[in-house]
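The structure under discussion appears below in the form of structure tokens.
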Amino acid sequence: MQTFWEDVDRHLVRYGGTFTREIIDSASGSFLFTEDGRRILDFTSGQMSAILGHSHPRIVATVQRQIANLDHLFSGMLSRPVVDLARRLAGTLPASLQKVQLLTTGAESNEAALRMAKLVTGKHEVVAFARSWHGMTAGAAAATYSAGRKGYGPVSGNFAIPVPSGDWLAQLDLAFDLIDAQSVGSLAACIVEPILSSGGILEPPLGYFTALQAKCHERGMLLIFDEAQTGLCRTGTWYAFERDGVVPDILTLSKTLGAGLPLAAVVTSAEIEAEAHARGYLFFTTHVSDPLVAAVGNTVLDVLVEDRLDERAVKLGAHLRTGLDDIAARHDLVTDVRGRGLLVGVEIGDESLHTPITRKCLELGLHMNIVQTPGMGGVFRIAPALTTTEEELELGLSILDEAIGSTSA
Ligand SMILES: Cc1ncc(COP(=O)(O)O)c(C=O)c1O
């Protein structure tokens, strides 16, 4: 144990936040198991990704079968899992979204989407929400405003718009007036999360994305939806944008698509893909169109469909929400509960209590994640696996209740 943490201190790069002081030995379903025999309920689906829980038997079987048969290929070679997944993903989306590129991470999918948008429009400026998180590669990070901006310049041609609040239509008009004033006449794309997750589970009002899309199209910009966290049934529908009836020009999927394994996708229309191709679109990576994770993606779709996990997210989400509303009613320090389906935020206004509550939860066997949004208090992001049970939700709720109660006392 001692040597483990000494080795951590000596050899690991600290890449953000602090390391949880537990040695995780294994995981199964909704639980993590530590080396010293503790069981921890995972209320974040790993990094908001493992929507089928950990080591789902169907995923384990697929990985074992696929890796024994066909693991990885030259990037220009194709295999059935890749083409099957592209076709099946298109089948879950509006008719215009039918061209798919399979990649590895969320940042990479956004990088590809932005490169495609720049190439197709012949422009380079990018607009994103002021509390966005799109990833850590250069283009994605340039469109990320919630963290990690200071110290990594230069960044040029990127503009932020406010997350809608109050008179959001007037706010949006003003935001684009300012962008028009600053732009050098090269607006290429606007990239947004349909529900901002790292920004603190912020859901733009109905009608906002219709208005945003109009702003984009007036300027010849492409609208990119990043559904890294919200895609694949997490919020109770297959995609969060379904609520708004706004179909993006480009959609990116990642985290939930591989349900814990590194798989991402860029999806666009035949017209945009054709134009990109005509202009020499290049986004070649080591793991593009890799069969192993594509096979996992197909199994993820199988389980989501067969187990009707969209409906389950609605039902479990309502159950979770009732429990959280009850906690909020009994503890003044819970200042808001919000979200959709099984992506829920619990806001704790008093900053000094964030770490103690997180620590107490862990001590009692619950892993929670808090995002610190400047000026907005902190928000616990709760995103259990879609395969979780009502009993597991009850367990998590009771631990959270106890942690909040004992911390505020
Ligand atoms: C909405 C969103 N987009 C993109 C990313 C980046 O994904 P990755 O960390 O896989 O590069 C994240 C990661 O948190 C995210 O939440």
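The values are calculated or read from the model by the stated rules, or taken from the named source; none is laboratory data. Values in this document were obtained by computation on a predicted structure and should not be read as measured data. For neighbour counting, all protein chains shown are included, and Cβ atoms are generated from backbone atoms with ideal geometry for every residue, glycine included. The accessibility values were calculated without ligands, DNA or RNA, using every heavy atom of the protein model including side chains. Shrake-Rupley method; radii C 1.70, N 1.55, O 1.52, S 1.80 Å.
The slack between D332 and V8, meaning 0.36 nm per residue of separation minus the straight C-alpha distance, is 112.8 nm. Converting phi to 3J(HN,Hα) with the Karplus coefficients 6.51, -1.76 and 1.60 and the offset θ = phi - 60°, the range 314-320 yields 5, 5, 5, x, 5, 5, 4 Hz in sequence order, with x at every glycine or proline.
Using a cutoff of 8 angstrom between alpha carbon atoms and counting only pairs six or more residues apart, the relative contact order for the chain works out to 22 percent.
In straight-distance terms, cross-link reach from K360 covers every one of the aspartates and glutamates whose alpha-carbon lies under 14 Å from its own, apart from those fewer than eight places away in the same chain; here that gives E22, D401, E402. A viscosity of 0.890 mPa s and a temperature of 25 °C, combined with the Kirkwood radius over Cα pairs in Stokes-Einstein, give a translational diffusion coefficient for the range 70-306 of 137 µm²/s. Per residue, the range 70-306 exposes 38 Å² of solvent-accessible protein surface, assessed with a 1.4 angstrom probe and all protein chains in place. If R0 equals 45 Å, the separation of the Cβ atoms of E363 and R87 corresponds to a calculated FRET efficiency of about 0.40. Its residue count N fixes a reference of 2.2 N^0.38 Å for the chain, and the Cα radius of gyration divided by that reference is 0.98.
Note on K150 and I23: their simple-model spin labels are 3.6 nm apart, each label 7 Å out from Cα toward Cβ. Among S198, S254, S28, the largest mean-square fluctuation in a Gaussian network model of the chain (Cα springs under 10 Å) belongs to S28. For the range 265-368, the list of trypsin sites (Lys or Arg not before Pro) that fall in a loop by DSSP and count at most 15 other C-beta atoms within 10 angstrom reads R279, R308. In this calculation the C-beta distance from V184 to A270 is compared with R0 = 41 Å, giving a FRET efficiency of 0.85. The longest stretch of the chain left intact once loop-based chymotrypsin sites (Phe, Trp or Tyr not before Pro) with at most 13 other Cβ atoms within 10 Å are removed from consideration, loops following DSSP, is 153-283. In the chain, the calculated helix contribution to ellipticity at 222 nm averages -12500 deg cm²/dmol per residue, counting -39,500 (n - 2.57) for every DSSP H run with n ≥ 4. The GNM of the chain, with springs linking C-alpha atoms under 10 angstrom apart, assigns the highest mean-square fluctuation among A189, A170, A274 to A170. Highest GNM mean-square fluctuation among L85, L324, L174, for the chain modelled with Cα contacts below 10 Å: L174. Legend: calculated FRET efficiency, R38 to D173, from the Cβ-Cβ distance at R0 = 60 Å, rounded to 0.05, equals 0.70. Between Q47 and F284, the simple label model (points 7 Å from Cα in the Cβ direction) yields a spacing of 2.7 nm. Take every pair of alpha-carbon atoms less than 8 Å apart whose residues are at least six positions apart; their mean separation over the length of the range 70-306 yields a relative contact order of 31 percent.
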